[in-house]
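Quick notes on the structure that follows.
Nothing in this text is a laboratory measurement; each read-out follows from the coordinates by a stated rule. If you're wondering where the values come from, they're calculated on a predicted model, not measured in any experiment. Positions of Cβ are generated from backbone atoms using ideal geometry, with glycine treated the same way; all protein chains shown enter the neighbour counts.
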Amino acid sequence: MSTTAACSPGLRSELGPLTPVRESAPPGGVLRAESGRTALAAPLPLDSPSSTFVDYFRCLDPIAPIERRGDLSTDEGYFRLGDAVCYGRCSGGASATYVDEPIANVAAAVSCDGGRVTLPFDLSEVVTNLRQELYRPSPLTLLQRLTSGRTPRSLYYALRPMLPVQVRKHLQKMRLNGWQRIAFPRWPIDVSVETLMRRVMALQLKSSGMRRLPFVWFWPEGAKSCAIMTHDVEGPSGRAFCEPLMDLDDRFGIRSAFQLVPDAGAEITNALAASLRRRGFEVNLHDLTHDGYLFQDQAKFGARAAQINQYARQLQCQGFRSGSMYREQQWYAAFEFSYDMSVPNAAHLEPQRGGCCTVMPYFVGKILELPLTTTQDYSLFHILEQYSTTLWKQQIEMLLAQNGLMSFITHPDYLREKRALTVYADLLARLRQLRDERRVWVALPGEVNEWWRSRSQMTVVPSGGSWRVEGPDSDRAKVAYAVLHDDSVTFEIDEAS
Ligand SMILES: [Zn+2]
């Protein structure tokens, strides 16, 4: 993969709220407490721009420190650094209120003087805004505004158990009308964080005069990419189909994670969890009641989070996914999980719009986020009406090009349909091929969590004229190099490391 850089010396399942991710996004960390949505936890302090860069690449502290200009605007908005879309405060050009307005390129305001890279924005603030969806969404259409209120949503969730899929998907399509015109995050995968990080890497290489910079490769044993398969179990028919689904996954040698709704009842949930684990599958929690209201009311959220934590302890679950991918990342401090899987990369087809704009895991406080980077089976079959793996395969290739995480959600409830199951088996065949022929690490979410946590403590150290990785689990790690070719950066793995 490559990127280019210029351095100019001197210069909510179905009918939920279609996110207002934020009407007015606050600058990183400071005004977040004033937004009235973070009373459960103090805002996390932002890292320095250099440490955000180091955390992403697990490289040494930059030889050319990364800093920000002191004259940033007070308002946040969209701007870009080359082809990397950014959101935050900036200098060097007026930012746009909405992403579909003309967006100024601030590349001319980058300075590489005096052995430091000075950016016309705060790298840490921009990356946090993107990952935690703290950017301003485009205005909702009239239909979306009409259907995103509390009354239609309450009505929908009250009726949902009685609505056949045919009716539900009709309502959802009405609700999602116009999703193809959402300009940001980009469909079908957004790589804004990756594009930005690689661009800053190019600036770092140029400014420091180094031809290549060593870092800890993203995945263990030099794997090119990583894939996880997860199944959200929604209702009785889904629970009944877990056994055949395990058989199918086993046939392709793909181990997967099942997310269970704890309110189904202790006896049912415990028995299912035990049978899944006996066969080597992973068990995580899926919401509390799956009523679409987990994050609706901040006052009630604390009590619900405490209940979820208790269920997690009882079932010994390390991971979590909310119902319908509803989320409020600023509230995650109330959870005791090790990792979460509730944030889509580009949530065009989810009831809560937005997206974390990255294809790599990232930390939200102490919780590791494993973002959803592909389209859910339900959306593929019932919203897009595609009974084929074409879109999944397109997303897989895009994720491979970024060395990113491929994460899939499929539901035993919906895979009972024969033609859906055929498509799913085709996906499993592709994953097996990727593992066997293209060095993709197919893992359980818990294994990815362990690896990423270990990697976050690794660093590269000089070793006999070369480099090696130091830190926990470092025997699985490889040194890689970011290499500058003209204005582009490519990654090379040192297989001998
Ligand atoms: Zn669900």
Can you list residues from other chains, or at least 5 along the same chain, whose modelled amide H is less than 5 Å from the amide H of residue 372? 343, 345
Non-local amide H neighbours of residue 283 (under 5 Å, H modeled in plane, Pro and chain starts lacking H): which ones? 258
Counting just the Cα atoms, what span does the chain cover along each of its three principal axes? Round to the nearest Å and put the largest first. 66, 52, 40
Where a Cα-Cα gap under 22 Å defines reach, which lysines qualify for residue 224, not counting those fewer than 8 residues away within the same chain? 393, 478
Protection-proxy order for peptides 162-168, 218-224, 101-107, each taking the mean of Cβ atoms within 10 Å per residue, highest first: 218-224, 101-107, 162-168
I need the peptides 367-374, 468-475 ranked by packing, meaning the mean over residues of other C-beta atoms within 10 angstrom, with the highest value on top. 367-374, 468-475
Under 28 Å from the Cα of residue 300 - lysines, other chains or at least 8 residues apart: 366
Once phi is turned into θ = phi - 60°, what whole-Hz ³J(HN,Hα) does the Karplus curve with 6.51, -1.76 and 1.60 give for every residue of segment 221-236, x standing for Gly and Pro? 6, x, 4, 6, 7, 9, 10, 10, 10, 10, 10, 8, 9, 9, x, x
Got a sec to turn the phi values of segment 377-392 into Karplus ³J(HN,Hα) couplings, 6.51 cos²θ - 1.76 cosθ + 1.60 with θ = phi - 60°, whole Hz, x for Gly and Pro? 4, 4, 5, 4, 7, 9, 9, 7, 6, 10, 9, 7, 8, 4, 5, 4
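Ordered by packing density, taken as the mean number of other Cβ atoms within 10 Å over each peptide's residues, highest first, how do 297-303, 276-282 rank?
The densest-packed peptide leads the list: 276-282, 297-303.
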Amide H proximity to residue 477 below 5 Å, modelled H, separation 5+ or other chain, gives 221
Among DSSP beta bridges lying fully in the chain, give the percent that are antiparallel, nearest 5. 50
P(r) weight above 22 Å for segment 220-452, C-alpha pairs, percent: 49
